[in-house]
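The values are calculated or read from the model by the stated rules, or taken from the named source; none is laboratory data. Note that the structure is a prediction, hence the values are computed from the model and not measured. No Cβ is skipped: glycine too gets one built from the backbone with ideal geometry, and neighbour counts run over all protein chains shown.
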Amino acid sequence: MIRLPLNVALVYNQKKEDNKTENNHEPPDKDKNILSGLNGESSVRFNHSTPNNFADTYAEWDTFETINAVREALSEFHKVTLVEADENAYQKLLQLKPDIVFNIAEGLNGVSREAQIPAILELLQIPYTGSDPLTLSICLDKARTKEILSYYGIPTARFCVINSISDIVGANIVFPSIVKPKHEGSSKGIFNSSIVNNWDDLISQVTFVIETYKQPALVEEFLDGREFTVALLGNGKDVKVLPIVEMKFDSLPSEVNRIYSYEAKWIWDNSESPLNIFECPANLPISLQTEIEDICLKTYSVMKCRDWCRIDVRLDSNGVPNILELNPLPGILPKPEDNSCFPKAARTAGMNYNQLLQEVLNLAAKRYGLL
Ligand SMILES: Nc1ncnc2c1ncn2[C@@H]1O[C@H](COP(=O)(O)OP(=O)(O)OP(=O)(O)O)[C@@H](O)[C@H]1O
Ligand SMILES: [Mg+2]
């Protein structure tokens with residue numbers, strides 16, 4: 001029987017501060033003129049200057065500010081040790097033998113990168129927060145996730161996977177489509193030009209994804225309805241759906257596509273000048289709210305998520321909610337003006353940032369019988 005406080009290891013990957021100079025990816029040419037505002041001046045946020053390279057290699061990793069905020073939240077009740085999820089993580093965890101790990105490590109290498117720390121923890125029999133390696137790996141394969149959802153009759157946009165450009169011949173594509181990397185998050189590889197309306201643009205965008213991200217391109221039917229993101233917390237029969245967040249694309253310039261692109265997420269929306277893009281709780285008729293909650297609960301269960309997950313949903317042209325993708329390691333930027341959706345939904349539910357993280361730890365600790 002373990003007694004409080006728990007010895008918690010917070011396992012993380014920290015964003016490299018100098019990542020603007022390493023492994024930068026060039027955006028597609030026609031997106032360069034809308035990738036503006038890198039200097040943070042609101043007056044030029046939507047101007048047409050050509051920016052420097054953008055750096056998205058570490059977009060999924062956390063800043064020191066976030067890691068420290070999580071550490072402080074957990075330290076209110078527990079003894080917290082920071083462990084960087086690098087090549088030495090196995091040895092460090094072996095020596096430390098924490099009671100439990102709070103896992104926010106995104107990993108770097110390969111399509112199972114989010115599963116690597118949880119797999120090590122399973123080997124060492126150390127309890128940890130969040131989903132297991134299988135769920136984390138599958139959710140990072142957006143196509144495999146959609147195959148599973150389809151098997152269970154959960155609506156998701158029609159799609160095809162293009163492994164190499166020659167696969168395009170004979171592919172069953174409808175326009176407009178959206179082209180995305182198959183294994184990324186944090187809007188990596190999703191730009192204004194990711195929406196394609198003809199074969200030429202499709203070929204150029206698929207080529208960009210395959211060459212830049214060294215992975216297959218996922219081509220999905222473009223869903224033109226409202227978009228929501230839904231935070232879920234809990235396990236088994238006690239999973240709670242937090243207030244639904246809607247992305248209101250009216251705050252984007254009229255000439256850009258209505259999607260939550262890399263530009264929208266990381267460039268036009270910044271803490272100095274937040275984009276007024278979210279509404280929480282979303283203004284929904286009760287029937288649609290229930291429909292969205294039900295499809296998200298079913299998705300959470302089918303994908304065997306644990307403790308927490310953020311699920312993206314978009315309506316199709318008939319107003320039917322479709323699952324876009326799951327984020328079992330959701331973004332958790334601490335400041336309200338950072339517009340991170342899970343903490344935003346929690347705040348609307350009356351739970352502050354620290355309480356949210358403490359609840360995630362408690363949910364995991366209960367699963368393992370530690371509390
Ligand atoms: N099939 C689709 N139809 C319409 N819009 C889409 C579709 N797929 C993606 N989008 C748009 O692109 C955005 C990013 O897509 P997606 O959620 O798959 O990427 P991500 O990088 O995994 O996101 P996150 O930042 O949540 O990790 C969505 O929020 C949505 O605005
Ligand atoms: Mg998403």
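A few notes on this one:
- The residues of segment 320-365 that are acidic (Asp, Glu) and more than 21 Å from SER271 (Cα to Cα), listed by number, are GLU325, GLU359.
Per-residue answers, yes or no, for (1) farther than 29 Å from GLU114 by Cα; (2) outside any helix (DSSP H, G or I); (3) touching a Leu at 6+ places or on another chain (Cβ under 6 Å); (4) more than 10 Å from ligand 1 (Cβ to nearest atom):
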site	(1), (2), (3), (4)
ASP250	yes, no, no, yes
PRO253	yes, yes, no, yes
THR290	yes, no, no, yes
TYR300	no, no, yes, yes
LYS304	no, yes, no, yes
ARG310	no, yes, no, no
VAL313	no, yes, no, no
GLY319	yes, yes, no, yes
LEU333	no, yes, no, yes
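- Here GLU325 qualifies as within 13 Å of ligand 2 (Cβ to nearest atom) and touching a strand residue (DSSP E or B) at 6+ places or on another chain (Cβ under 8 Å).
- Top-ranked residue in segment 333-350 [being more than 15 Å from the chain's Cα centre (by Cα) and farther than 14 Å from PRO281 by Cα; ranked as surrounded by the most Cβ atoms within 10 Å (Cβ to Cβ)]: PRO334
- All conditions in (1) farther than 19 Å from VAL320 by Cα; (2) surrounded by fewer than 17 Cβ atoms within 10 Å (Cβ to Cβ); (3) at pLDDT 95 or above hold for SER251, with the sole exception of (3).
- First in segment 256-277 and within 14 Å of ASN339 (Cα to Cα) and away from ligand 1 (no atom under 13 Å from the Cβ), second anywhere and in a loop (DSSP other than H, G, I, E, B) and among the basic types (Lys, Arg), Cβ under 9 Å, 6 or more apart: ILE267/ARG45; TRP268/ARG45; ASN270/ARG45; SER271/LYS335; SER273/ARG45; LEU275/ARG45; ASN276/LYS248
- Residue match in segment 202-212 (condition: within 27 Å of SER254 (Cβ to Cβ), away from ligand 2 (no atom under 16 Å from the Cβ) and assigned to a loop (DSSP other than H, G, I, E, B)): no
- Scanning segment 155-181 for residues that are of a type in the set (Lys, Arg) and surrounded by fewer than 20 Cβ atoms within 10 Å (Cβ to Cβ) yields a single hit, ARG158.
- Any hit, segment 265-277, residues being modelled with pLDDT of 95 or more, in a loop (DSSP other than H, G, I, E, B) and touching a strand residue (DSSP E or B) at 6+ places or on another chain (Cβ under 6 Å): no
- Given (1) assigned to a loop (DSSP other than H, G, I, E, B); (2) over 20 Å from THR66 (Cβ atoms), number of the condition PHE228 does not satisfy: (1)
- Unmet criterion (only one of (1) within 24 Å of ILE277 (Cβ to Cβ); (2) within 19 Å of the chain's Cα centre (by Cα); (3) modelled with pLDDT of 95 or more) for GLY234: (1)
- Options ALA217, ALA231, ALA264; residue that is within 16 Å of ligand 2 (Cβ to nearest atom), within 23 Å of LYS146 (Cα to Cα) and among the small types (Gly, Ala, Ser): ALA231
- Residues within segment 358-371 that are over 15 Å from CYS309 (Cβ atoms) and surrounded by 20 or more Cβ atoms within 10 Å (Cβ to Cβ), tallied: 2
- Filter pass, ILE295 being in contact with a strand residue (DSSP E or B) (Cβ under 9 Å, 6 or more places away or on another chain), in a strand (DSSP E or B), over 18 Å from PRO133 (Cα atoms) and of a type in the set (Val, Ile, Thr): no
- Taken over segment 335-371, the criterion of being more than 21 Å from ASP312 (Cβ to Cβ), in a helix (DSSP H, G or I) and of a type outside the set (Gly, Ala, Ser) is satisfied by GLU337, TYR353, ASN354, GLN355, LEU357, GLN358, GLU359, LEU361, ASN362, LEU363, LYS366, ARG367.
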